[in-house]
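Before any comments, here is the structure.
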Amino acid sequence: MPVMANWKKLYSDRLMSAREALLKIRSGSRVFLSPGCGEPQHLLGELVALGEQDGKLNDVEIVHMLTVGAARHAQKAYNRSFRHNSLFVGPGVREAVAAGIADYTPIFLSEIPGLFRSGRMPLDAALIQVTPPDEFGFCSLGVSVEAVKAAAEAADIVIAQVNPQMPRTLGDSFIHVEELDCIVEKDEPILEVISPEPDEVALKIARHATRLVENGSTIQVGIGAVPNAILYGLMDKKDLGVHTEMFSDGLIDLIEAGVVNNSKKTFHPGKVLATFCIGTRRLYDYVDNNPMFEFLPVDYNSSPINIAKNEKMVAINTALQVDITGQVCADSLGYQIYSGIGGQADFIRGAALAPQGKPIIVLPSTARNGEVSRIVPQLSEGAGVVTTRGDVHYIVTEYGVAYLHGKSLRERAVALIQIAHPKFREELLAAAKKMKYLYEDQIIPETIYPVEMEHSESFNGLELFFRPIRPSDERPFQEYLYKLSERSVYLRFFQVRRDFPHELAQEMVAVNYQQNMGIVGTLGNSDTAPIVAAGHWMMDYNENMAEVAFSVADAYQRQGIGTHMLHFLMRVARERGLHGFRANVIAGNMAMTRVFQKSGCVLHQEYEGGEISLYFRFDEKVDSRAGHR
C-alpha cells in the first residue's frame, strides 16, 4: 500500500523510546533543535542525560534559534559533549555565549531555511516537537514553525516528540509521519512565557508609537514590556491586520475586541500571518485549530518582499542603543551578544518598501536605572548595527518621536537629542557639536515635549493638525517663512525680510514650553507634513504676561485658523499661570485686530506711530450680552 494510506503502520514501526532514538546521534554531529516554546523538552533532557555518560557523545553541535528554556546542555559542565550554536541568542544561553562556551551565528531570520536547504549548514539530525497525527497522518509543528520544516527536510535523521499538548496550528505548518524517522511519544506541558507588565516608561513609549498606527494598518509587534504596552495602546484603532514573525497573549485581546480583524490586509487578507508564538496556555488554546492564524516558514513570512505586499505595513521593533546619526544596535551590548538580528532587518526593510509603510524602532531613553543614555554620540565599541542609517525611519522613546528618513546628519542629531532623556541632552549636544554635526550655537531645550497638546481641527472642510513646535522643525519652519508673501512677512515681522537665517528660525523653534511657547498647524499629522500656520508667545516675567504673535500661510487665511490658534495659546497660557497676552499689530492689519477682538476678553488698545499695542487679561471677560465686563 502507498505510504500515505498506510501511515498508521509506519507510525507504529517508527515509535520508540527517546533513548533509542537519540542513540542514532553520533559524536561530532550537528543537531537542529526546535526553537522557542516548541522546544522538545523531553528529547533535550534525554540527550543531556546521554551527554552525562562519559564518552557516549562528544562534540555535538546543537543549532537553535531562540532558547527560552533552561538550556542545561549549554552549561560548562557539558562543554565536551555539546556546543550550542545560536542563530538568535535567547535568555537561556545568553550567559553561555558571553562566557565563550556557546556560539552565535548572525543571520537574517528569513535566510535561515536557505542555510539548511543549501547545505551551507548541513544537519545530521533534527529534534522537533509535533502534534499527534490527524486522520491523514499529518502532524502540526504547533507554536514554532520558523525554519523547522526546512531543518526536517535537510536533516539526515528526524526525531519527533509527539505531544498531545501541542496546539494544532494551521498554515504551512504540517509534516507527514512518513518524514519522521523516529517517533517518541511524550505528553508534557509546552513551555510558557508570561509577558512582563509594562511600566510607566513603556506606556509612554506606547502612547507615542501608537499615534503612528493608522486605522486599517497591518502591524508587526513582538513581545516584551514595550511591545505589550503597544498592544494595549492599540485598543482604540479599527480594522488592523497582523503580519508578524511572533506574537503573544496580548494579540488575543485585540482580536476579541474587534480591533484586529485583518479585513483591510492586502496580503493574505483575513489571516494573522506568523511563524511562531510565545505565551501562555491561554494563547496555545486560542490558536489551536483556529483558521484565522496561518503559521508559515520564515523564508516566506519574513521575506521583505512579502512583507512589503501589505499596504500600511507598520513594523515595530525594539533596540538597545541608537547613535545620533540613526544607527540602531539591537543585538549586543558592546561586544556582548544580547539577542540577534532576528526579524528586525527583514521587517524594517519590508515596511519601508510597503505602500504607506512605517518602520518604527522603540526603546527607553535610558538603561541601568537611568544611569546611562540609550541615545549616544557613537555606538559602544563592539556594538552591532542591525538597522542601518539608510533603513531607519522612526525612532520612539518616552519623550517623543524622531523621524529620520531622508534627513541630514544635522537634522537627525537634533531630532534624536530632543527625544533623549533631558538630563543627557546637554552632553549629547556638546558631542554632536564636537563632531561638527550641529551649529555651534545649536539649542535643544531640556524640557519635555507636551504631546497632549496635539490635536486636529477642521476649517470649512480643511483639516489641520496642530502640535507644539520643536527644534527639529527648523528647516520646515524656514520653508514656511520663505513661502509667505511679502505682505504677510511684513505684517508678522514689521519689516520686509528676504532672509530667515538659522539664528532667527532657531529662536522660533527652540522653545521650552514654559517661558516661551510655539505651535504649528500642518497639512496632516505626518512628520513631513508642511507647516501652514504658526503661533508663539514669550513670557514677560515683570507682569506675568506674554507677548503673542502668529501667522497663517496666504492660501489658508480668513478661515478662522488664527482665531483657533489664539484660543489654544490662551488655554495653554492659563495653564502656565499667565495673566494675559500682549501684542503689537500694524495699524493696517485689520484681520489680526479682529482675531484679538474674538478673544472673549476686554481688549485694551493704544495707537502709536502706525502700530497698535494690544493687551488683554484672562480674568477680564466680555459680557456678550452687554458688550462689556
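Sub-8 Å Cβ pairs linking a first residue in segment 12-29 that is in the same structural domain as Ala125 (by TED's automatic domain parsing) to a second residue that is outside any helix (DSSP H, G or I) and loosely packed, with under 15 Cβ neighbours inside 10 Å, at least 6 apart or interchain, are Ser27/Asn58; Ser27/Asp59; Gly28/Asn58; Gly28/Asp59, ordered by first then second residue. Scanning segment 239-252 for residues that are within 18 Å of Asp288 (Cβ to Cβ), more than 16 Å from the chain's Cα centre (by Cα) and modelled with pLDDT of 95 or more yields one hit, Ile252.
Restricting segment 246-267 to residues that are in contact with a Lys or Arg (Cβ under 9 Å, 6 or more places away or on another chain) and surrounded by fewer than 21 Cβ atoms within 10 Å (Cβ to Cβ) leaves a set whose member that is nearest to Ala225 (Cα to Cα) is Ile252. Ser195 satisfies every condition listed in (1) in the same structural domain as Val31 (by TED's automatic domain parsing); (2) of a type in the set (Gly, Ala, Ser); (3) surrounded by fewer than 21 Cβ atoms within 10 Å (Cβ to Cβ) except (1). In segment 146-176, what residues are of a type in the set (A, V, I, L, M), assigned to a helix (DSSP H, G or I) and crowded, with 22+ Cβ neighbours inside 10 Å? Selection gives Val148, Ala150, Ala151, Ala152. None of Phe88, Phe108 is buried (at least 24 other Cβ atoms within 10 Å of the Cβ) and at pLDDT 95 or above except Phe88.
Table: residues versus (1) of a type in the set (A, V, I, L, M, F, W, C); (2) surrounded by fewer than 22 Cβ atoms within 10 Å (Cβ to Cβ); (3) closer than 27 Å to Ser118 by Cβ.
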site	(1), (2), (3)
Ala274	yes, no, yes
Asp285	no, yes, no
Asn289	no, yes, no
Ile324	yes, no, no
Gly343	no, no, yes
Phe347	yes, no, yes
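Per the listing Gly142, Gly119, the residue uniquely in contact (Cβ under 8 Å) with a residue 12 or more places away in the chain, crowded, with 17+ Cβ neighbours inside 10 Å and either among the basic types (Lys, Arg) or in a loop (DSSP other than H, G, I, E, B) (or both) is Gly142. For segment 344-372, a residue qualifies if it is over 22 Å from Pro91 (Cα atoms), under 15 Å from the mean Cα position of the chain (by Cα) and part of a strand (DSSP E or B), and the qualifying residues are Lys358, Pro359, Ile360. On the stretch given as segment 373-426, residues that are among the charged types (D, E, K, R) and assigned to a loop (DSSP other than H, G, I, E, B) total 6. Annotation: of all residues in segment 463-501 being surrounded by 14 or more Cβ atoms within 10 Å (Cβ to Cβ) and in a strand (DSSP E or B), the one that is farthest from the chain's Cα centre (by Cα) is Leu464.
Residues being touching a helix residue (DSSP H, G or I) at 6+ places or on another chain (Cβ under 6 Å) and within 24 Å of His243 (Cα to Cα): count how many of those fall in segment 319-339.
As a first pass, look at segment 319-339 and keep what is touching a helix residue (DSSP H, G or I) at 6+ places or on another chain (Cβ under 6 Å): 324-326, 330, 336-337.
If we keep only those that are within 24 Å of His243 (Cα to Cα) too, we end up with 330.
Qualifying residue count, segment 319-339: 1.
Given the condition over 38 Å from the mean Cα position of the chain (by Cα) and in contact (Cβ under 8 Å) with a residue 40 or more places away in the chain, answer yes or no: does some residue in segment 52-74 qualify? No; the residues of segment 52-74 include none that is over 38 Å from the mean Cα position of the chain (by Cα) and in contact (Cβ under 8 Å) with a residue 40 or more places away in the chain. Here Gly241 passes the criteria (1) in a loop (DSSP other than H, G, I, E, B); (2) of a type outside the set (S, T, N, Q); (3) under 22 Å from Phe267 (Cβ atoms) except the one numbered (1). Just so you know, in segment 32-71 the residues that are among the acidic types (Asp, Glu) and more than 13 Å from Leu127 (Cβ to Cβ) include one that is surrounded by the fewest Cβ atoms within 10 Å (Cβ to Cβ), and it is Asp54.
Suppose we filter Asn301, Asn261 for residues that are of a type in the set (S, T, N, Q) and free of Cβ contacts under 8 Å to residues at least 40 places away in the same chain; which single one remains?
Numbers: Asn301 fails: free of Cβ contacts under 8 Å to residues at least 40 places away in the same chain.
Result: Asn261 is the single residue among Asn301, Asn261 that is of a type in the set (S, T, N, Q) and free of Cβ contacts under 8 Å to residues at least 40 places away in the same chain.
Applying a threshold of 8 Å to beta carbon distances and a minimum spacing of six or more residues, or different chains, the list of pairs starting in segment 196-215 at a residue that is in a loop (DSSP other than H, G, I, E, B) and ending at one that is modelled with pLDDT of 95 or more and of a type in the set (Ser, Thr, Tyr) reads Leu212/Tyr394.
The values are calculated or read from the model by the stated rules, or taken from the named source; none is laboratory data. What you see is a predicted model; the values in this text were computed from it and never measured. FYI the Cβ positions are ideal-geometry reconstructions off the backbone, even for glycines, and counts take in every protein chain you see.
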